[in-house]
1. Is there a residue in segment 223-235 that is closer than 29 Å to Gly330 by Cβ and either modelled with pLDDT of 95 or more or over 23 Å from the mean Cα position of the chain (by Cα) (or both)?
2. Going through segment 265-318 one residue at a time, which ones are in contact with a helix residue (DSSP H, G or I) (Cβ under 6 Å, 6 or more places away or on another chain), at pLDDT 95 or above, part of a loop (DSSP other than H, G, I, E, B) and not small (Gly, Ala, Ser)?
3. Might you check whether a residue that is surrounded by fewer than 23 Cβ atoms within 10 Å (Cβ to Cβ), closer than 20 Å to Gly184 by Cα and of a type in the set (Ser, Thr, Tyr) occurs anywhere in segment 123-144?
4. With the condition being at pLDDT 95 or above and within 17 Å of Ile216 (Cβ to Cβ), I'd like the strands (runs of 3 or more DSSP E) fully within segment 118-171 carrying at least 2 qualifying residues.
5. If you check Ser53, Ser29, Ser34, Ser68, which single one turns out to be over 25 Å from Arg153 (Cα atoms) and of a type in the set (Gly, Ala, Ser)?
6. Have a look at Thr291, Thr304 and point out the one that is under 17 Å from Ile370 (Cα atoms) and of a type in the set (Ser, Thr, Tyr).
7. Kindly evaluate Asp309 against the criterion of being of a type in the set (Asp, Glu) and either outside the structural domain of Ile248 (by TED's automatic domain parsing) or crowded, with 19+ Cβ neighbours inside 10 Å (or both).
8. Taking segment 190-219, which residues are hydroxyl-bearing (Ser, Thr, Tyr) and either assigned to a strand (DSSP E or B) or not assigned by TED's automatic domain parsing to the domain that holds Gly179 (or both)?
Amino acid sequence: MATLKLKTNINCLFGEVTIPGDKSISHRSVMFGSIAYGETKVTNFLPGDDCLSTISCFRKLGVTIEESDNQLRIIGNGFEGLTEPDGVLDVGNSGTTIRLLMGILAGRPFFSTLVGDESIGKRPMTRVTGPLTRMGAWLDGRKNGAFTPISIRGGQLNPFHYELPVASAQVKSALILAGLQAAGESTIIEPAETRDHTERMIQQFGGEITKNNKVITVKGGQKLTASTIHVPGDISSAAFFLVAGAVIPRSEIVLKNVGLNPTRTGIIEVMKKMGADLEIVQKDDNSFEPTGDLIIKTSNLKGTVVEGDIIPKLIDEIPIIALLATQAEGITVIKDAEELKVKETNRIDTVVYELRKLGASIEATNDGMIIYGKSNLNGGRVSSHGDHRIGMMLSIAALLCINNVELEQSEAISVSYPNFFAHLNSLIH
């Protein structure tokens, strides 16, 4: 496990960063290319550890995937082209891979076993195994299917009507992928709108799916056709530079090719509400995934309340929003974020624990946190706890610290942003 001495006490950030490909869309491009018929080409693919785990799993399922310079060539033969793997399917640290893959494998007439790393072994799977079992698949694992390893024997699935107990794009997507294989029409109801990359991807690959408010309807038996996918930049990765540009003095950062899907732009809404000097330019509202460039400048920030239906639109950005709030005048309250407890770490407790080490005034609640600004950050020895987003958040926090900061388990950042430190260093002046 690598310990890295971070750069501290930075006076200015200036320059331009082209944000790497969106992790969620990169995962789905591999999955849909694999279950479609024909040759799918993907550009600006994110070669992070999580997405590479997805490629590895589908290769073991018999799919030809060629990779070169962040581009993929995928030869799909439909759901029927997937074959029983010789060994276990290892998803590494990727919750997206394991949950969406369960939806695909539930409809395949063979046996498979899914495993992951220690973090995946602690994340709840019943929210997926339960409804898939109701559809007619056989799934089992530790604690009655609650934890990995998860074994699956798929087959003919029955259509069903299901109301999600929690707002989760991963669970929703797993059920949609299962519904594509069911003998009839399935309905999935969300308690709050979550990222809709799966729905958009189905349409991009020639499929049909309808959405009326929070009610999603998908017909089984559809045949998807290969497509060409350009992956936009990941707004969850851009968020770290948005916050850095807002809190470091005399800064101006241009972020290129950022995905601006309206189910993902909660970070922009919150930052503007807090008074950030943030501008969207050259917005491209294409039918697949809208993109644009963002300009962020040093800002005078004020505290706010983050709660309710906006939470699913920024669930991955809450760690960096917590840091942002330490540099805002007044109190910021984050509510309704219980889902953070079952991410790569318990992100509520971990964010609070690590930011306190640096001198932040922050406390955990049952469903979020309370942050008291404005804090002077000092320094110390911190850890990502194997969580890529915690690691990047702490690296941005270090820029504000007056003393040395050392980051344990810095290698976790490669899960979603292998070039993070190179891009960050290019902005330091």
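1. As a first pass, look at segment 223-235 and keep what is closer than 29 Å to Gly330 by Cβ: 235.
From what is left, the residues that are either modelled with pLDDT of 95 or more or over 23 Å from the mean Cα position of the chain (by Cα) (or both) are 235.
Yes, there is a match, as at least one residue in segment 223-235 is closer than 29 Å to Gly330 by Cβ and either modelled with pLDDT of 95 or more or over 23 Å from the mean Cα position of the chain (by Cα) (or both).
2. If the condition is that a residue be in contact with a helix residue (DSSP H, G or I) (Cβ under 6 Å, 6 or more places away or on another chain), at pLDDT 95 or above, part of a loop (DSSP other than H, G, I, E, B) and not small (Gly, Ala, Ser), then Thr304 is the only one that fits.
3. Yes.
4. 161-163
5. Ser68
6. From the options Thr291, Thr304, the qualifying one is Thr304.
7. No.
8. Thr210, Thr217, listed by residue number.
The values are calculated or read from the model by the stated rules, or taken from the named source; none is laboratory data. Bear in mind the structure is a predicted one, so any value in this text is a computation, not a measurement. When we count neighbours, we look across all protein chains shown, and the Cβ atoms used for this are built from the backbone with ideal geometry, even at glycine.
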